[in-house]
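*Asks:* I'd like to ask some things about the structure below.
Computed from the coordinates by the stated procedures, all read-outs in this text should not be read as laboratory data. All figures in this text were calculated on a predicted structure; none of them were measured in a lab. In this analysis, Cβ positions are derived from the backbone assuming ideal geometry, glycine residues included, and neighbour counts consider all displayed protein chains.
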Amino acid sequence: MTTSVPLNRKDLFLGACRGETLPRLPVWLMRQAGRYLPEYRAIRRDHAFLEVCKTPDLAVEVSLQPFRRLGVDAVIVFSDILIPAEAMGLKLELGDAGPNLPEPVRSKRDVLKLKLFDPEIETAFLPEAIRRISREVGPAVPVLGFAAAPWTLACYMVEGRTKEGFATVKSFLLSEPSTFRDLLHRIAEAAIPYLRAQIAAGAAAVQLFDTWCGELSLRDYEEFALPAVQEIISSLASANPETPVIYYTKASHHLLPALARSGASVLSVDWRVEMRSLREKLGPRIAIQGNVDPAVLFGPPEEIRRATLEAMAALGGTGHILNLGHGILQHTPVENAQLFIQTGQQPLSQEPVGVGFAPPARAGHGSGS
Ligand code: CP3
């Protein structure tokens, strides 16, 4: 066996999703295209946020900016989790004050009005952007698609503007449980063709963002949010069994191990979760993405290096995609993001002694080299 053929970025990424032990970790950043990059701000000076999302030339350009600037191992298409809300018939504004849906979903009638849509028509700009990005980066770099998980999109659809506490969406769930289930089911039904279109356009993996699932009790998560996530993942698995689904959750400790029943190949967790014990709880079948605190990128270089090396060591290079625990923050210094990526891409066997890294004794693992 020769060991000289280096794995390309897509091999690394998909290998990590399959739970393989790799010579180095694939690494990217949630929200990697964004305002911390001067070249993104330059585009936003001339174009509104939704215009960038809906204009493939612009969406491709900003999707590629972090790839060029940081050398990340995956390119996530530039879009927003709220795009399908608009395609389902809701008005959407994304201004400086954050997202606003001025005609929120508050009744059974509102739920019934939500329409399913053809992603190649109503959101044609998104698969088109993925096709163009895939052409630009070539087959060795994974392109990622995404959608909101139903509960998280429902939070925006019902609240209109997100507020801490989510009283409106929770009272909807409690007072009209069957209508609320219909809403989640409707969102799942729309998300399935939306994600399939992204996969058909070239996405090597897709991520479901469930940013607000930690707001739910375990009971309500299992009763409401989880079945809608399972519906999406099992439906994708039947048509695209080779395409991993990454499931992002935040502040979701209390939901384990229900999260593991989602069917996702990869569970993406924030910095509150200790990844080593998570692996012990979940077993090796589910890969893990995460989980450095985005605020660490405001620290001095030695702290950034330490936190990154610790995260890299946590799983011994097995079934691990290195990432932040949530999106990169707006005022992050670019050189600190670079340091995170460069550190994260170091070969695992060459970690300096003293950071607690023990290279796995196993070799091989079907890496194909
Ligand atoms: O990761 C990437 O680079 C792809 C692009 C991406 C954006 N939003 C672009 C964006 C992705 C994957 C998202 C997901 C998203 N959007 C989530 C889930 C992840 C998370 O951060 O929790 C959520 C909750 C949203 C909804 C949303 N969009 C909010 C709350 C905001 C306002 C807050 C903010 O950061 O301004 C947005 C706007 C948004 N989406 C921006 C970007 C780059 C900033 C808009 C701008 O350029 O002014």
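*Asks:* As a footprinting exposure proxy, order 233, 81 by other Cβ within 10 Å, with the fewest listed first.
*Replies:* Placing the least packed residue first, the sequence is 81, 233.
*Asks:* Another question, then. Of 91/163; 91/113; 91/115; 108/170; 54/170; 250/281, which ones are farther than 21 Å apart at the Cα?
*Replies:* Violating the 21 Å Cα-Cα cut-off are 54/170.
*Asks:* What is the fewest-to-most order of 53, 213 by other Cβ atoms lying within 10 Å of their Cβ?
*Replies:* Numbers: 53 24, 213 27.
So the residues, fewest neighbours to most, are 53, 213.
*Asks:* Take residue 303 and residue 346, extend 7 Å from each Cα along the Cα→Cβ direction, and tell me the distance between the two endpoints in nm.
*Replies:* For the pair residue 303/residue 346, the computed spacing is 1.9 nm.
*Asks:* Just report the Cα centroid separation between the range 173-199 and the range 203-232, whole Å.
*Replies:* Using only Cα atoms, the two centres lie 11 Å from each other.
*Asks:* On a 0 to 90° scale, report how tilted helix 56-70 is relative to the longest principal axis of the chain, with both axes built from alpha carbons and the result rounded to the nearest 10.
*Replies:* So the inclination is approximately 30 degrees.
*Asks:* Distance between the C-alpha centers of the range 235-284 and the range 35-67? Whole Å please.
*Replies:* A separation of 30 Å, based on Cα centres.
*Asks:* Semi-axes, largest first, in whole Å: what does sqrt of 5 times each Cα gyration tensor eigenvalue give for the range 9-344?
*Replies:* So the three semi-axes of the range 9-344 are 29, 24, 19 Å.
*Asks:* Let me ask something else. Could you compute the net charge surrounding residue 207? Neighbours are other residues with a C-beta less than 15 Å from the C-beta of residue 207; K and R count +1, D and E count -1.
*Replies:* Value of the local net charge: -1.
*Asks:* Now a separate question. Express the relative contact order of the chain as a whole percentage, based on alpha carbon pairs under 8 Å and six or more residues apart in sequence.
*Replies:* 23
*Asks:* Using each residue's phi in the range 92-102, evaluate 6.51 cos²θ - 1.76 cosθ + 1.60 at θ = phi - 60° and report the 3J(HN,Hα) Karplus result to the nearest Hz, with x for Gly and Pro.
*Replies:* 9, 10, 10, x, 5, 7, x, x, 9, 10, x
*Asks:* Now, a different point. Before anything else, pin down the relative contact order of the range 197-247: Cα pairs under 8 Å, at least 6 apart, normalised by residue count, whole percent.
*Replies:* 62
*Asks:* What does the net charge come to around residue 57 if you take all other residues with beta carbon closer than 12 Å to its beta carbon, with K and R at +1 and D and E at -1? Walk me through the numbers before you get to the answer.
*Replies:* On the way: positive: 54, 132; negative: 51, 61, 128, 136.
Computed value for this residue: -2.
*Asks:* Taking 41 Å as R0, compute the FRET efficiency from the Cβ-Cβ separation of residue 274 and residue 109 and round it to 0.05.
*Replies:* Efficiency at R0 = 41 Å is approximately 0.35.
*Asks:* For residue 79, list long-range residues whose amide hydrogen, built 1.01 Å from N in the peptide plane, is under 5 Å from its own amide hydrogen.
*Replies:* Those lying under 5 Å, H to H, from residue 79: there are none.
*Asks:* What order do you get for 94, 348, 29, 218 when you list them from fewest to most C-beta neighbours inside 10 Å?
*Replies:* Listed from fewest to most nearby Cβ atoms, that is 218, 94, 348, 29.
*Asks:* Ok, one more. With Cβ to Cβ distances under 11 Å as the rule, what net charge do the other residues near residue 160 carry (K, R +1; D, E -1)?
*Replies:* Taking every other residue near residue 160 into account, the sum is +1.
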